[in-house]
Structures are given as C-alpha cells and as structure tokens.
Amino acid sequence: MTMLDVRAISHRYGQKQVLDGVTFSVEKGEIFGILGPNGSGKTTLLKLISKELPLTSGEIVIDGRPLMALSAKQWARLAAVLPQTVETAHGYTVKEMVALGRYAHQHGLFPTWTTEDETAVQQALAAVGLAGKIDEPLERLSGGERQRAYLARALAQEPQLLLLDEPTNHMDMSGQVRLLNQLARAAHARGLTVVAVFHDMSVASLYCDRVLVLKEGKTAALGAPADVMTPGLLNEVFAVPVVRQAHPAAAKPVFSFVPQHKCEETLLTGGLRPSFLDDAVVLAARQPLRVLSSALVGAGFQWATHFVNRHVGLDYDCRDAEEEMRRYLERHRFPVARTVGMMTAVDVRDAVWRRENGEAFSVSVLATAGVGNAVDAARAWQHQPLAVKPGTINLIIVIDGTLTEAAFVQAVMTATEAKTKALADRLIGDRETGTIATGTSTDSVAVAATQTGRVFAYAGTATELGREIGRLVYEATVEALDRWEKRGKRR
C-alpha cells in the first residue's frame, strides 16, 4: 500500500526555482532516502510534506488523504518530523520533552496521562538508548544525545510516516548505528514508513529500500540504491569523483569520494628494492600501495607500505599463526595495519627479485620458492591432512600503474598460471598422487599497485601487462626453485 504520494510538486523562493515537477511514491514500511548536493531541494521537499511550507504546485497525498485536507492534529497522528536542527528546549527533562510527542493522541481541555502514553514514551527512550537519562535536563545532553531525544519524541508520537532531515547529524558512530538499526526494525516490524534526507551516500545505500536523487530541484534518479547509485550518476550530480565498491558484509554498494593529490613521483623509478633481516625479506614503499593478497596478515584488499616474507623453521607449530605473525611484526616495528605478512620455510636469502621498467609501465616480482609440500590442486583431496613438509611459493608483484579491481583479480590469476607453468616445466610432482603439482599447500600471492599513472582495466594473459606479469613470475619462480634445490644439495 502507498503511504506517501508526491505528484509533480514544484516550489519557488522568489524567482529561484528550488523544486521542479518532482514525482514519487513511498510504500508503507519502506525506508526512502533523499540525496543531493546542497541547494538541490531536499529540505524544501520535506518541509512541503510536513506542511511547514504551503503547497502551491502539485499534490501530496498521505495514506490516501490529500495533505491540504488534513488538520494539524490529523497530520500529527499520521506523521512526525525530525528537522535538521532543533533548538534546545531549556527547562525540560528528557522524559518531559519526549512526552510532548503524545500531544496528538490526547483529547479534551484537560487530557490525562494514560498507561498507553507512558508505555510509548518508555519504549521510545529505550529505542534510542536514552532510558538511563530519563530525568536529565535536556541542555546537559551532548548534541548527538539531544538528536536522539528529539527522535524519541517523534517515535513516541507513534506515527505511520516519519520524516527525517539528516537524522544522524551530530551523532558518533555508535549513535548512528543504533538509530539507523532502530529505524530499520521499526519499518520492518510495525510498518513504519521512513522518508529521510541523507548526506552520506553509503548510509543511504545500506539502509534505504529506494532513493530519490535530486539535482537542481529535478529528479536525477529514482530506484533501488544498487540500481541507480552509479559512479557516473553520482559524479554528475555531486561534481566530484566517486568510487563504488561492494560492502564486505552486506549485499549493498558503498561509496567513497576520491581526493585530489598532486602527482607523486612513481614508486618503481624511485628504486624499490628488497632488504633483509636475519629471518625475513622485506619490501618497503615510500607511499602506500593498493594490494590484493592471500597473505597470512593483510589478506584481501588493503593499502600497504610494507611486505614481509618471514622464514620459520620446519618445527614451527603455533595454534594461531596469524596472531603470532602480528606479534612478530610489532616486535620488529612494522606498521601491522599497513603490512602484508607471509611465512615460508624457505631460506629468504634465496629470494629472487626481478624488475622490468618499460616505457608504458613497470613490473617487479619478488619470489621465494620451495616445493617439499607440492600438491596437485585437482587431487588435493587424496592427501593426508596435517602432513608437515617444507615448502611454500610466495610471490609479491608490484605494478607501477592504476589497476581496477578486475585487473587486480586477473593479475592474481595470471601470476598463479605462470607459477603453475614453472612447476610443470620443472616436472615438479605431487608425491602422494604421482601427478604434476600446481603449487604448494601454503602458497601466498600479493599484487600491489601504486594507483598512479596509466590505468589498467585488465591484467589477463591477452594484455600487455598480463604478459609481463606472466613472464617475470615464471622466470622468478624457476630461478627461486633452482636456488632452493642448490641449497638443499649443499646441506
């Protein structure tokens, strides 16, 4: 059922057209977001729906009734509003201010306070996390707490439609999450319809069922966030570069603005080279690199300045290797949050460093390789679990350029295929299955990019970049295996 129907509304402030023929509808129980830059008409739209401004063009219908036909009290029984800024009501306690939300439900010249009124107020205070400050003077609350108190007043009103103008204004992160989660629960549990203005695109994407995007008072987009909030549209509307990515835990997109930097000297021409500790080979970059890795520490996408490939003995046994590796990094004063950490039983003095500086781009590869635990991935199920054998092939690939997410993934694929080809050409076998091995059971790979300069949309083997990655990884892996075998023969 439709709760709110907005039909071709326009509005002017003097000669300035701030809304121009905006039309949309909101279903009962829906969370509906309104987005747009400053001056696009967002707050004016809410003021028209809340009767704060007179409607001069178009029509607004709430729950099947024309807005113009509703009295102030009738409107208050249907809808509540939380404006962007609210002046502090001095002299009121939190409970007294929230109790004002029950006005629309009271009758007669001398209304009495009912059990229903008390329950509504208590539930509203609990919902916004202020039950413990019920007798606190309102002026003693922080800005975020006051915003939550005014929201409690709106919830105590028990509206069918809730209008919010930047509801998380002045709130810290915990307050924002608590508020938005409560709104989502109320929408889904009791059919509360929420129409809210948001400045944070990611918040709108995470919590809204649909969004209206305004530009200069006109509808730029209307629909589900995942469908309409495209980088192209947002770049056009907000006039700044916007990056869209998938949220790691929810099936929703999230957004980031791209800051403008002065052009930095490219990292690889600045002389990136490995250095050695007693038990590790290290790459340290002057500027953070965008990385996709399968490493023990720093797996997934992140920005990193350090890459540590650490040697551990064949008798290494730790129930929580990741935590132990973090402690190792801390002891050696590496910035853990910006470090990619790998382990290997191979002597790191046998690490191979290959670099190719081309006219269009540069690629570097650091490889360590041992194959005592070589495995054929297609037959790994035949292996005995927990078999302890020395090995591991670790690869760190650094690219002087800008990679898309697709290019990062394809670079990992290309490197893995080149490593597998190196094992095949060396006839490295899986001892338990008698077949050619594809890698080892503990391999790690990290692909890092400066994210400056030339943009690479792809990095598969059909591309110039992919071919260079494949060649260098193959050559570095073969040479690292040669060094590993020679060291084994010297023992």
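The values are calculated or read from the model by the stated rules, or taken from the named source; none is laboratory data. Predicted model, so just to flag it, every value in this text is computed and none were measured. So basically every Cβ, Gly included, is an ideal-geometry build from the backbone, and we count neighbours across all protein chains shown.
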Going by what's in this entry, would VAL447 be described as buried (at least 16 other Cβ atoms within 10 Å of the Cβ), modelled with pLDDT of 95 or more and out of contact with any strand residue (DSSP E or B) (no Cβ under 6 Å at 6 or more places or on another chain)? no
For residues that are of a type outside the set (Ser, Thr, Tyr) and without any contact (Cβ under 8 Å) to a residue 60 or more places away in the chain, scanning just the range 54-63, find the one that is surrounded by the most Cβ atoms within 10 Å (Cβ to Cβ). ILE60
Test ALA149 against the stated conditions and say whether it is surrounded by 15 or more Cβ atoms within 10 Å (Cβ to Cβ) and either outside any loop (DSSP other than H, G, I, E, B) or assigned by TED's automatic domain parsing to the domain that holds HIS90 (or both). yes
Considering (1) under 17 Å from the mean Cα position of the chain (by Cα); (2) over 23 Å from ASN38 (Cβ atoms), say which one VAL254 fails and leave the rest. (2)
Which pairs have Cβ atoms under 6 Å, sit 6 or more apart or on different chains, and link a residue in the range 355-374 that is more than 27 Å from SER441 (Cβ to Cβ) to one that is of a type in the set (Lys, Arg) and surrounded by fewer than 16 Cβ atoms within 10 Å (Cβ to Cβ)? PHE361/ARG454
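Residues checked against (1) hydrophobic (A, V, I, L, M, F, W, C); (2) within 26 Å of GLY58 (Cβ to Cβ); (3) free of Cβ contacts under 8 Å to residues at least 24 places away in the same chain:
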residue: GLN176; (1), (2), (3): no, no, no
residue: THR193; (1), (2), (3): no, yes, no
residue: VAL197; (1), (2), (3): yes, yes, no
residue: ASP200; (1), (2), (3): no, no, no
residue: SER205; (1), (2), (3): no, no, no
residue: CYS208; (1), (2), (3): yes, yes, no
residue: VAL213; (1), (2), (3): yes, yes, no
residue: ALA220; (1), (2), (3): yes, yes, no
residue: ASP227; (1), (2), (3): no, yes, yes
Only one residue in ALA69, ALA80, ALA89 is buried (at least 20 other Cβ atoms within 10 Å of the Cβ), of a type outside the set (Val, Ile, Thr) and either more than 23 Å from THR219 (Cα to Cα) or at pLDDT below 90 (or both), so which one is that? ALA80
Taking first residues from the range 407-418 that are in the same structural domain as ILE393 (by TED's automatic domain parsing) and second residues anywhere that are of a type in the set (S, T, N, Q), the pairs with Cβ under 6 Å that are 6 or more apart or on different chains are THR414/THR461
Please indicate, with yes or no, whether at least one residue in the range 456-464 is within 40 Å of the chain's Cα centre (by Cα), touching a residue at least 24 places away in the same chain (Cβ under 8 Å) and under 17 Å from VAL352 (Cα atoms). no
For the range 1-53, name all the residues that are touching a Lys or Arg at 6+ places or on another chain (Cβ under 9 Å), surrounded by fewer than 18 Cβ atoms within 10 Å (Cβ to Cβ) and more than 27 Å from ALA184 (Cβ to Cβ). ASP20, GLY21, LEU53
Flag for GLU166 being at positive phi and free of Cβ contacts under 8 Å to residues at least 60 places away in the same chain: no
With the condition kept exactly as written, say whether any residue in the range 341-351 is closer than 28 Å to GLY401 by Cβ, of a type in the set (S, T, N, Q) and touching a Leu at 6+ places or on another chain (Cβ under 9 Å). no
Just wondering, is there one or more residues in the range 21-42 that are out of contact with any Leu (no Cβ under 6 Å at 6 or more places or on another chain), farther than 30 Å from LEU206 by Cβ and either in contact (Cβ under 8 Å) with a residue 40 or more places away in the chain or part of a loop (DSSP other than H, G, I, E, B) (or both)? no
Looking only at the range 318-373, which residues are outside any strand (DSSP E or B) and β-branched (Val, Ile, Thr)? VAL336, VAL346, VAL348, VAL371
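Would you say VAL291 is under 19 Å from SER362 (Cβ atoms), out of contact with any helix residue (DSSP H, G or I) (no Cβ under 6 Å at 6 or more places or on another chain) and at pLDDT 95 or above?
Here the answer is yes, as VAL291 does meet what is asked.
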Is there a residue being over 18 Å from the mean Cα position of the chain (by Cα) and either modelled with pLDDT of 85 or more or not hydroxyl-bearing (Ser, Thr, Tyr) (or both) anywhere in the range 197-204? yes
Would you check which residues across the range 442-471 are more than 13 Å from VAL398 (Cα to Cα), in contact with a helix residue (DSSP H, G or I) (Cβ under 8 Å, 6 or more places away or on another chain) and assigned to a strand (DSSP E or B) and list them? PHE456
On the phi < 0 side of the Ramachandran plot, of a type outside the set (S, T, N, Q) and at pLDDT below 85: which single residue out of ALA131, ALA152, ALA186 fits that description? ALA186
Report yes if HIS306 is closer than 28 Å to ARG426 by Cβ and either touching a Phe, Trp or Tyr at 6+ places or on another chain (Cβ under 9 Å) or in the same structural domain as VAL455 (by TED's automatic domain parsing) (or both), otherwise no. no
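Every residue, every condition in (1) modelled with pLDDT of 95 or more; (2) aliphatic (A, V, I, L, M), yes or no:
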site	(1), (2)
ALA407	yes, yes
MET413	yes, yes
THR416	yes, no
ALA422	yes, yes
SER441	no, no
TYR458	yes, no
ARG467	yes, no
ALA480	yes, yes
